[in-house]
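Data block below; observations after.
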Amino acid sequence: MARNLDTAALRAFVVVAEAGGMTRAAGLLNLTQGAVSQQVRRLEEQLGCRLFEREHRSLRLSTAGERLLPRATALLEHNDAIWAAMTAPEVEGEVRLGVPYDIVPAIMPPILKTFAREWPRLRVNMITDPTVALLRMLDAGDLDLCLTTERDPAPRAEVLSRESLVWVGAPGGAAHQRDPLPLALGDPTCSFRAAVLEALGGTALDWTMICTTSNRDSMSAMVAADLGVAPLLRVSVPAELRVLDDAGDCGLPTLPAFAIAMYGPAAPASVGAEKLADHIRRAFAARLAA
């Protein structure tokens, strides 16, 4: 006898697997954490196997969960394609989203993936640049929406989170102990540059610039080679680098916190931009709640 899978429970399972936890998944699905847990538990009961293993405060897929994930993802993609094709026309078009390059790898992939699944007819064209350039593009009408990293966002900004700016170096490296201190910073438009130079100006440390670029990969390569240190938001530190100890231990000054903020256009936003803004808002709320 044929059996039918519960697509709502499958969707909850997939989003939990991608988000890494029930709380974040609940925010992305716009459900309570209890509702998400219940759906996953119902799917486990239906399939007769455990799909997740709990490790400390996080979840990881069980062997059965690893087998199910690609099949569930494919089934949901077919489900969503059929729904989109057979129902009334949905919101469609393009949303031009600006994002500072430093937060793209750590924050944007799960947001873009779940948005594409929720609104398959909306295309996101993502432009990466420093905050100053993105705000200029937004004001010129070349962007529909942009995220920024700023110490003091403008009153019209919506602050999504506040993040620690930290010093990073190579694992086991000694660049932070050199005199003068070798710095890898963004170009003069970089939001972090002024804050770092201000912090260093309040110390007796001498420093020298070894890299000035808005290319994150180039900066990370210099730091990973132990040729210098750099400032990054803690949330965006790549695996190949390490956060240096607090100021008292590594000898470097404490850096200020920065906001990740969202700006819409001066004119009324398009429906697509509103949908993406709401999705980003919910994703950040779920991240903070986790």
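The values are calculated or read from the model by the stated rules, or taken from the named source; none is laboratory data. Since this is a predicted model, take the numbers as computed values, not measurements. Here the Cβ positions follow ideal geometry from the backbone for every residue, glycine too, while neighbour counts run over all protein chains shown. Just the protein is used for accessible areas: all its heavy atoms, side chains included, with ligands, DNA and RNA removed. Shrake-Rupley method; radii C 1.70, N 1.55, O 1.52, S 1.80 Å.
Below, the figures for the structure above:
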{"item": "Of all residues making up segment 180-215, the number that are touching a strand residue (DSSP E or B) at 6+ places or on another chain (Cβ under 9 Å) and over 14 Å from A230 (Cβ atoms)", "result": "4"}
{"item": "Within segment 172-187, considering residues that are open to solvent by less than 60 Å² (accessible area, probe 1.4 Å) and assigned to a loop (DSSP other than H, G, I, E, B), the one farthest from E240 (Cα to Cα)", "result": "P180"}
{"item": "Unique match (being over 22 Å from D102 (Cβ atoms) and either open to solvent by less than 40 Å² (accessible area, probe 1.4 Å) or not in a loop (DSSP other than H, G, I, E, B) (or both)) among D278, D217", "result": "D278"}
{"item": "Candidate set: segment 44-61, residues that are of a type in the set (D, E) and under 29 Å from the mean Cα position of the chain (by Cα); chosen: the one nearest to A8 (Cα to Cα)", "result": "E53"}
{"item": "Flag if D139 is acidic (D, E) and open to solvent by 60 Å² or more (accessible area, probe 1.4 Å)", "result": "yes"}
{"item": "Filtered residue count, segment 188-208, keeping only those that are assigned to a loop (DSSP other than H, G, I, E, B), over 22 Å from the mean Cα position of the chain (by Cα) and under 22 Å from A154 (Cβ atoms)", "result": "1"}
{"item": "Which listed residue, of V159, V95, V91, is surrounded by fewer than 21 Cβ atoms within 10 Å (Cβ to Cβ), among the aliphatic types (A, V, I, L, M) and part of a strand (DSSP E or B)", "result": "V159"}
{"item": "Subset of segment 61-80 [surrounded by fewer than 13 Cβ atoms within 10 Å (Cβ to Cβ) and more than 13 Å from T7 (Cβ to Cβ)]", "result": "T63, E66, P70"}
{"item": "Positions within segment 121-132 being part of a strand (DSSP E or B), open to solvent by 30 Å² or more (accessible area, probe 1.4 Å), in contact with a helix residue (DSSP H, G or I) (Cβ under 8 Å, 6 or more places away or on another chain) and not hydroxyl-bearing (S, T, Y), in sequence order", "result": "V124, M126, I127"}
{"item": "Residues being modelled with pLDDT under 90 and either buried (at least 18 other Cβ atoms within 10 Å of the Cβ) or small (G, A, S) (or both) - total across segment 244-264", "result": "3"}
{"item": "Options R24, R54, R11: the member that is open to solvent by 70 Å² or more (accessible area, probe 1.4 Å) and out of contact with any strand residue (DSSP E or B) (no Cβ under 9 Å at 6 or more places or on another chain)", "result": "R24"}
{"item": "Flag for A35 being surrounded by fewer than 16 Cβ atoms within 10 Å (Cβ to Cβ) and in a helix (DSSP H, G or I)", "result": "yes"}
{"item": "Candidate set: segment 220-239, residues that are of a type in the set (G, A, S) and farther than 27 Å from S161 by Cβ; chosen: the one surrounded by the most Cβ atoms within 10 Å (Cβ to Cβ)", "result": "G228"}
{"item": "Residues located in segment 38-51, provided they are touching a helix residue (DSSP H, G or I) at 6+ places or on another chain (Cβ under 8 Å), open to solvent by 50 Å² or more (accessible area, probe 1.4 Å) and not in a loop (DSSP other than H, G, I, E, B)", "result": "R42, Q46, L47"}
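Condition check ((1) open to solvent by 60 Å² or more (accessible area, probe 1.4 Å); (2) modelled with pLDDT of 95 or more) across all residues:
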residue: W83; (1), (2): yes, no
residue: T87; (1), (2): no, no
residue: W119; (1), (2): no, no
residue: L134; (1), (2): no, yes
residue: L145; (1), (2): no, yes
